[in-house]
Number of protein chains: 2
Amino acid sequence: MSKRVDEIGEFNLIDRITRFLPSTPMVLEGVGDDCAVLRVFDHHLLVSCDFSVEGTHFTRDTAQPEDIGWKVAAASLSDIAAMGGSPLFSLVSLSCPGSLEVAYLEKLYQGLSNLLSRFGVVVVGGDTTRSEALIGIDVTVIGEASGNRFLRRRGAQVGDVLAITGRPGMSGAGLHALQHGHEAPALTAAHLRPKPRILEGLWLSTRPNAHAMLDVSDGLFQDAGHLARPGHLGIDIHPKSLPIAPELTEYAEAHGLDPIRLALTGGEDFELLFALDANTSEETLDAFRQEFRTPITVIGAFTDEWTGVRLAGEEAEAGGFDQFLSGLSD
Amino acid sequence: MSKRVDEIGEFNLIDRITRFLPSTPMVLEGVGDDCAVLRVFDHHLLVSCDFSVEGTHFTRDTAQPEDIGWKVAAASLSDIAAMGGSPLFSLVSLSCPGSLEVAYLEKLYQGLSNLLSRFGVVVVGGDTTRSEALIGIDVTVIGEASGNRFLRRRGAQVGDVLAITGRPGMSGAGLHALQHGHEAPALTAAHLRPKPRILEGLWLSTRPNAHAMLDVSDGLFQDAGHLARPGHLGIDIHPKSLPIAPELTEYAEAHGLDPIRLALTGGEDFELLFALDANTSEETLDAFRQEFRTPITVIGAFTDEWTGVRLAGEEAEAGGFDQFLSGLSD
């Protein structure tokens, strides 16, 4: 009896369906990192796509069409940011019911284009097709690694610190607010209009003491596990160091939620999580703060005392957002 | 009152949602041709995607999962073939219900990989996500234009002949057979396992007397209109010259269908339709036949006596396959 997709989860599924696929030396990074890195014409091309489906990633009740377009573009751009790349081009594939109003799609494309054009990204193609029921949007972004330099998920070393941009958990709390009809403008904006950290990622990729990076999409705790190089390294996250936004604290208090848990598991933060050499990290953080207004915070350290991710040295079971296994774990 | 998507059709929809998008000189061909052509690192990159949705492009009743994977890969590869490019990499985005069996998806990926690997194309990334009801697959293919040479849709000249590879109409008849439960193996194979004309396209793109090309996906008659450079040129298709497969003739006779109409409007042929200088076309066709077993046939000519597409000089109203407006016109 074959297993169902929702019994094995997204990562096992990807492993099952891609394990027999061939590769070539032109592929520097293939399936498994935030985006593919391809050696083309002696340069490094970055390619990523992000597929958003109505009912799973958004609903027409809680998001305006401009928000939906913005967010799917943000998710795909964030994968380029996670490698430290510069986005160049985009392809947009869209399915929708024939009964949808054209004006609705125009607004969706406007949201998408508004974000893409902030980074000079040009939509060069795509596909439009009818679907019986739901809107689906797949955004492919093609970029380049400047100077052929990019940051992988693997590469963290014992003694590195773990640092993060921005304030995780706001997007997860924003989703909670939208689902429960609560007023929380800063949080719902974080959920509906996330900011891909393109410039920050590009800057970090040029620091020789930055060893590994990814973007937080499934929840900080779960995604940190990818930096721990499963089976090789441990990470200790210091919950007290987590940069919790005042709006998140306030919202959590008002609604009986744990802000730390939201920051660790909320998902869709699209912040950059990275490993920095501990000896030189302070300099780098200072230089970052000179350059950007985006917060940057050390929230933990890499260790060889255990493998996997712990909270203040204690084992923890903090779920993340797996589209196939569950919704937001809260 | 805003119009609905199914009131304006796919081409008007694309125009509406893309008209305000910016471009850059790096984009040699953007939205509107078979695939995008990008100037990257002084080379020409080709990018295309094709989105297939259950219920619109396939049903689990009439296609095996291997067929579904094969066909969506074929559609995307065919766009690269239409420019005369070489495919290199692919990204596969997939949405499906959580209740789907993993083994089903494995077979779908195997069908996809079987075709891609025939052309040395490597799957380098993608996205998997849950959808409440339907399977959706978006396949992006990245390729290159060898020697920076490629064929656009525009470029046909008065005096050119119109030629086509293969035998159009078999796929459309195959769909008819599947929908009506008729036995017609050659036709259903043409529908379920189309062959993208990658090598043929590459060869044609190196002929200086080939002026314009596309792949037939919406029906020969409708797609020919794109080569006529709307408002500029006329095309005269000679129905008697159409290369009708014996299996198509036989099937049409048995079921009261018109084989010529099927060849003109069937859709999803994925054959190459192109403009060749009339003075040197015979030489090129002979050389093609030396190289390939794929049929190649002159089926019409370009003219400045009218604009648009006619059949043996007569105006005709032959519908094509527009996903939003209708199904197969038959």
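Coordinate-derived values only; no laboratory data. If you're wondering where the values come from, they're calculated on a predicted model, not measured in any experiment. Please note: Cβ atoms are built from the backbone with ideal geometry, for glycine as well, and neighbour counts cover all protein chains shown.
For the pair A:Arg60 and B:Asp42, label points projected 7 Å from Cα toward Cβ lie 5.1 nm apart.
Dipole magnitude for the stretch B:5-148: about 300 debye, using +1 per Lys or Arg Cβ and -1 per Asp or Glu Cβ, origin at the Cα centre. Rounded to two decimals, the Cα radius of gyration of the stretch A:5-148 over 2.2 N^0.38 Å is 1.12. Which shape class, rounded, prolate or oblate, goes with the protein assembly as shown when its Cα gyration tensor gives a ≥ b ≥ c as root eigenvalues, a/c under 1.5 marks rounded, and past that a/b bigger than b/c marks prolate? Prolate, since a/c reaches 1.5 and a/b exceeds b/c. A point 7 Å from Cα along Cα→Cβ stands in for A:Gly120, and the other copies hold the same point at 3.3 nm, listed in rising order. Sorted from closest to farthest, the other copies place their A:Lys3 label points 4.9 nm away, with each point set 7 Å from Cα along Cα→Cβ. Sorted ascending by nearby beta carbons within 10 Å, beginning with the fewest, B:Glu183, A:Glu247 become B:Glu183, A:Glu247.
If r is the Cβ-Cβ distance from B:Ala254 to B:Asp286 and R0 is 35 Å, what FRET efficiency results, to the nearest 0.05? Efficiency for this residue pair is about 0.50.
According to the square roots a ≥ b ≥ c of the eigenvalues of the Cα gyration tensor, what is the shape class of the stretch B:133-190, taking rounded for a/c under 1.5, prolate for a/b larger than b/c otherwise, and oblate for the remainder? The shape class here is oblate.
In a reduced charge model with +1 at each Lys and Arg Cβ and -1 at each Asp and Glu Cβ, the stretch B:217-292 shows a dipole moment near 280 debye about its Cα centre. From the largest down, chain A spans 58, 56, 54 angstrom on the principal axes of its Cα atoms. Anything over 19 Å Cα to Cα? Flag those among B:Lys71/B:Lys107; B:Lys71/B:Lys195; B:Lys71/B:Lys240; A:Lys71/B:Lys71; A:Lys107/B:Lys3; A:Lys3/B:Lys107, in the order listed. In this structure, B:Lys71/B:Lys240; A:Lys71/B:Lys71 exceed 19 Å between Cα atoms. Normalising the average separation of contacting C-alpha pairs (under 8 angstrom, six or more residues apart) by the number of residues puts the relative contact order of the stretch A:197-330 at 42 percent.
With contacts taken as Cα pairs under 8 Å at a separation of at least 6 residues, the stretch A:5-148 carries a relative contact order of 31 percent. Projecting label points 7 angstrom from Cα along Cα→Cβ for A:Thr294 and B:Gln179 puts them 5.0 nm apart.
Size descriptor for the stretch A:160-315, Kirkwood hydrodynamic radius: 15.7 Å (Cα pairs only, one decimal).
Dividing the summed -39500 (n - 2.57) terms of all DSSP H runs of n ≥ 4 by the residue count of chain B sets its mean residue ellipticity at 222 nm at -10500 deg cm²/dmol. With the alpha-carbon atoms of the stretch A:191-275 aligned to their principal axes, the span from lowest to highest coordinate is 43, 31, 20 Å, starting with the largest. Counting beta carbons within 10 Å around each of A:Met213, A:Met26 and listing the fewest first gives the order A:Met26, A:Met213. For A:Phe58, nonlocal amide neighbours, meaning residues 5 or more places apart or on other chains whose placed amide H falls under 5 Å from its own, are A:Val53.
Measuring between their Cα centroids, the stretch B:133-171 and the stretch B:194-245 lie 8 Å from each other.
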